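Working notes, beginning with the structure itself.
The values are calculated or read from the model by the stated rules, or taken from the named source; none is laboratory data. What you are looking at is a predicted structure, and each value in this text was computed from that prediction instead of being measured. Using ideal geometry, Cβ is built from the backbone for each residue, glycine included, and neighbour counts are taken over all protein chains shown.
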Amino acid sequence: MTNEAVKHFKQLKQPSYDRNQLTTRIVHIGCGAFHRAHQALYHHDWLEHSNSDWGICEVSLFGDGRLIRQLREQQHLFTVLEKGSEKRTAKLVGSVCQSLHAGTDGREAILETMSDDNVKIVSMTITEKGYCIDPSSGRLDRSHPLIQHDLAHPLQPDSAIGYIVAALRRRKEQGSRAFTVLSCDNIQENGKAAKSAVVEFASLIDADLALWIELNATFPSTMVDRIVPAATQEMYLELQEIIGEPDPCGIECEPFRQWVIEDSFADGRPNWNEVGVEFVSNVVPYEEMKLRMLNGSHSFLAYLGYLAGYDYIFETMQDPHFRVATFNLMTREQAPTLDMPKGTVLETYALELIERFSNQSLKHRTGQIATDGSQKLPQRFGDSLRFHLQHQSNYQWLALGVAGWMRYVSGVDEKGQEITINDPMADTFNAIYDKHGLSANVVPELLAIESIFGSDLKNQHGFVNTVTSAYQRLLDVGAAKTVMTTQK
Ligand code: NAI
Ligand code: CS2
């Protein structure tokens, strides 16, 4: 990898830093769409300003390794296309200097890299389900097949949690320092969730190791934000037209980006604050605001919008009833549950979110956001519902969101067409629908799934009745009319 050898992306501004000097100091697990348009780009921007040698090694634990192969073919350079409603900007990212795929390069290569003293941070975007935790309690799911495998073979892990523990074990044994585990997934207190999974896993195999990790590694929580839809053929063609050549590793996103990080690093960190990252002592209020107001409304729009026949989020925003419903969900039912630092105006935040969701140049599929609802609902709706039940305040939009999810996971849309349910709990939903068919009898059974709704919500009769009425209304008149006629 040399700057001179760059054969690609001649039309784009090349990195101004010397990529030959980069050495792997950050290992990132989960080189998906989001990471490339967020952390990798922030880090690139920072390298443009600093004399640093901190490079990123991308690690992919699953899949066929195609992305890693393609990254290598283009010296780990790739394009991020920022698309506002009027302006498109293509940026070339140079912060990645190495890549590894478990299937191609083997476990040993990954563990060796992760346990190298030079590595200071192991970051992750492995989706909510990658943590192998019970989403409602945040505890490690010991019955998870990957965790069962890794507990039986801790030196040959498959899961991200297993890899982290195995690498930290090596570091302890070789007398090196622990690294920072930086979770960048949409999970409430994602650092705490990662820590609890890692420490609990370690305690099951080696109590001393678990203690060493608790004392030496850090797990800062983060709030990450940038809307990055999954790549499509249409996107690749548009990108090619702009940059003059194909980029199979390119990705598109909105212009907005935000990253708030708890400032707790085990062994140093890049000064990302120089490129707009906020380091704070307590990230929880920011996380809750984003998860409830942005992601909560995203899920609402994904389930009800999909059922109403909308393929994309921006289309739901063109429906005035969905638009008002989303604003009301954010401002009346999510905002009151938040305890924000002084000066935060949540109504302004809500208006900005509506604007971002309305970006017509971003084709963000409702069906994409609808995936993995069992992992997303707890942090997007759960505690807000508990707040309203406790304060006896109104939660009709939240209840409709839950009912929309329930109707969606039936696997059949309002025209009788099949919906493919991508969710680790899809079999459970199937079994419930096989028993009851498309009827409101599914409601109590779905609410009884404790990993999603805890053990409390199913016992709140008023709540069960409200969700049941919303569900019945969806069956009777469909999602579009239910959203239209629900009291504004
Ligand atoms: P993606 O599907 O493009 O990438 C997911 C990555 O996670 C892939 O590299 C995949 O190999 C890896 N992965 C999946 N399951 C895994 C497992 N069990 N263990 C280890 N690795 C696993 O998805 P994308 O868009 O990159 O999103 C990933 C996550 O990033 C989201 O689930 C969310 O938590 C977070 N995020 C995404 C945003 C977006 O707009 N796309 C914005 C903010 C956060
Ligand atoms: C979305 C998020 O797919 C989803 O569940 O709600 O990925 C959303 O696009 C991001 O969190 C925005 O930062």
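Of all residues in the range 67-80, at least one satisfies being within 16 Å of ligand 2 (Cβ to nearest atom), among the hydrophobic types (A, V, I, L, M, F, W, C) and either over 19 Å from VAL198 (Cβ atoms) or in contact with a Gly (Cβ under 6 Å, 6 or more places away or on another chain) (or both). List the pairs whose first member sits in the range 57-72 and is closer than 17 Å to GLN39 by Cα, whose second member is within 9 Å of ligand 1 (Cβ to nearest atom) and assigned to a helix (DSSP H, G or I), and whose Cβ atoms are under 7 Å apart, counting only residues at least 6 apart or on separate chains? From the range 57-72, the pairs are SER60/LEU67.
Here is a check on your reading of the model: is SER384 away from ligand 1 (no atom under 16 Å from the Cβ), among the hydroxyl-bearing types (Ser, Thr, Tyr), in a helix (DSSP H, G or I) and more than 23 Å from TYR310 (Cβ to Cβ)? Yes, satisfied. Which is more than 22 Å from the chain's Cα centre (by Cα), within 16 Å of ligand 1 (Cβ to nearest atom) and not in a loop (DSSP other than H, G, I, E, B), of TYR236, TYR286? When all the criteria are applied, what remains is TYR236. Within the range 239-257, the residues that satisfy the criterion of being touching a residue at least 60 places away in the same chain (Cβ under 8 Å) and either outside any loop (DSSP other than H, G, I, E, B) or not assigned by TED's automatic domain parsing to the domain that holds SER85 (or both) are LEU239, ILE242, ILE243, ILE251, GLU252, CYS253.
Condition check for GLY55 on (1) in contact with a Gly (Cβ under 7 Å, 6 or more places away or on another chain); (2) away from ligand 1 (no atom under 16 Å from the Cβ); (3) under 18 Å from THR125 (Cβ atoms): one failure, at (1). For the subset of the range 142-179 comprising residues that are loosely packed, with under 14 Cβ neighbours inside 10 Å and outside any loop (DSSP other than H, G, I, E, B), which member is nearest to ligand 2 (Cβ to nearest atom)? Only one residue fits best here, namely PRO145. Restricting attention to the range 351-392, the residues that are on the phi > 0 side of the Ramachandran plot and either touching a residue at least 12 places away in the same chain (Cβ under 8 Å) or within 13 Å of ligand 2 (Cβ to nearest atom) (or both) total 1. Among the residues of the range 114-141, those identified as more than 16 Å from ligand 1 (Cβ to nearest atom) and outside any strand (DSSP E or B) are SER115, ASP116, ASP117, ASN118, VAL119, LYS120, SER136, SER137, ARG139.
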